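Enquirer: Dumping the structure here so I can ask a few things about it.
The values are calculated or read from the model by the stated rules, or taken from the named source; none is laboratory data. Just so we're clear, the structure is a prediction, and the values are computed from it rather than from any experiment. Neighbour counts run over all protein chains shown; Cβ positions are idealised from the backbone, glycine included. With ligands, DNA and RNA removed, areas are computed over all heavy atoms of the protein, side chains included. Shrake-Rupley method; radii C 1.70, N 1.55, O 1.52, S 1.80 Å.
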Amino acid sequence: MSIDVVNITQKFSLISDQWDPKIIAQLNDYQVKIAKIQGEFIWHSHSETDEIFLVVDGKMTIHLREGDIYLESGEMCVIPRGVEHKPAAEEECQILIVEPAGTRNTGDTGGERTIEDTAWI
């Protein structure tokens, strides 16, 4: 049996594109993804699953219809299934996301920013 150690800092160094999540690990049916973000994403929701956002470095805002959530390095939150949200970051921010394998980054909204086949790094 082989148990891999994942160096998150090293994995982030392999990412150049923003809003393009990469898979760094899988446990059961869940994938651990990282992404660099800056600017605003799109409004979307995930009708089938909750979504965890953990800020590894930087600051981000998660816009909700009811108000905004502000996260800094070392902070996380869970967006419940079905809750419409729009992630954003004024400056580049590094995030870690945990969600079921196959979850689309644009959720039920789809569109041109959808990553159909998330790559492993």
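Enquirer: Find all pairs meeting these conditions: Cβ atoms under 9 angstrom apart; at least six residues apart or on different chains; first residue within the range 34-47 and under 15 Å from Gly102 (Cα atoms) and in contact (Cβ under 8 Å) with a residue 12 or more places away in the chain; second residue of a type in the set (D, E, K, R) and open to solvent by less than 20 Å² (accessible area, probe 1.4 Å).
Expert: Within 9 Å, the pairs are His46/Glu99.
Enquirer: Name the single residue that is surrounded by the most Cβ atoms within 10 Å (Cβ to Cβ) among those in the range 15-53 being at positive phi and assigned to a loop (DSSP other than H, G, I, E, B).
Expert: If we take residues in the range 15-53 being at positive phi and assigned to a loop (DSSP other than H, G, I, E, B), then Trp19 is surrounded by the most Cβ atoms within 10 Å (Cβ to Cβ).
Enquirer: I would also like to ask the following. Give Glu112, Glu92, Glu99, Glu116 a once-over and let me know the one that is without any contact (Cβ under 8 Å) to a residue 12 or more places away in the chain and either basic (Lys, Arg) or farther than 16 Å from His63 by Cβ (or both). Even if it seems obvious, please write down each step before you answer.
Expert: On the way: Glu92 fails: without any contact (Cβ under 8 Å) to a residue 12 or more places away in the chain; Glu99 fails: without any contact (Cβ under 8 Å) to a residue 12 or more places away in the chain; Glu116 fails: without any contact (Cβ under 8 Å) to a residue 12 or more places away in the chain.
Just one listed residue meets the conditions, Glu112.
Enquirer: Does Ser73 qualify as being touching a residue at least 24 places away in the same chain (Cβ under 8 Å) and exposed (fewer than 14 other Cβ atoms within 10 Å of the Cβ)? Steps first, answer last, please.
Expert: On the way: touching a residue at least 24 places away in the same chain (Cβ under 8 Å): no; exposed (fewer than 14 other Cβ atoms within 10 Å of the Cβ): yes.
It is false that Ser73 is touching a residue at least 24 places away in the same chain (Cβ under 8 Å) and exposed (fewer than 14 other Cβ atoms within 10 Å of the Cβ).
Enquirer: Just the residues that are open to solvent by less than 20 Å² (accessible area, probe 1.4 Å) and either hydroxyl-bearing (Ser, Thr, Tyr) or assigned to a strand (DSSP E or B) (or both), please, taken from the range 104-119. Please lay out each step first, then the result.
Expert: Narrowing the range 104-119 to residues open to solvent by less than 20 Å² (accessible area, probe 1.4 Å): 106-107, 110.
Scanning the range 104-119 gives a single hit, Thr106.
Enquirer: Right, something else. Across the range 76-95, what is the number of residues that are more than 17 Å from Glu40 (Cα to Cα) and not β-branched (Val, Ile, Thr)?
Expert: 5
Enquirer: Hey, among the residues in the range 81-103 that are touching a strand residue (DSSP E or B) at 6+ places or on another chain (Cβ under 6 Å), of a type in the set (D, E, K, R) and surrounded by fewer than 18 Cβ atoms within 10 Å (Cβ to Cβ), which one's nearest to Asn28 (Cα to Cα)?
Expert: Lys86
Enquirer: Among the residues of the range 90-108, what is the count of those that are in contact with a Ser or Thr (Cβ under 7 Å, 6 or more places away or on another chain) and among the aliphatic types (A, V, I, L, M)? Walk me through it before giving the result.
Expert: Within the range 90-108, the first condition is being in contact with a Ser or Thr (Cβ under 7 Å, 6 or more places away or on another chain), and the residues that meet it are 99-100, 103-108.
Now restrict to residues that are among the aliphatic types (A, V, I, L, M): none.
Looking only at that region, the number is 0.
Enquirer: Still on this structure, please answer the following. Suppose we filter the range 54-83 for residues that are touching a His at 6+ places or on another chain (Cβ under 9 Å) and either on the phi > 0 side of the Ramachandran plot or small (Gly, Ala, Ser) (or both); how many remain?
Expert: 1
Enquirer: Could you say which residue among Val56, Val78 is open to solvent by 30 Å² or more (accessible area, probe 1.4 Å), in contact with a Ser or Thr (Cβ under 8 Å, 6 or more places away or on another chain), part of a strand (DSSP E or B) and more than 26 Å from Glu112 (Cβ to Cβ)? Steps first, please.
Expert: On the way: Val78 fails: in contact with a Ser or Thr (Cβ under 8 Å, 6 or more places away or on another chain).
Testing whether each residue is open to solvent by 30 Å² or more (accessible area, probe 1.4 Å), in contact with a Ser or Thr (Cβ under 8 Å, 6 or more places away or on another chain), part of a strand (DSSP E or B) and more than 26 Å from Glu112 (Cβ to Cβ) leaves just Val56.
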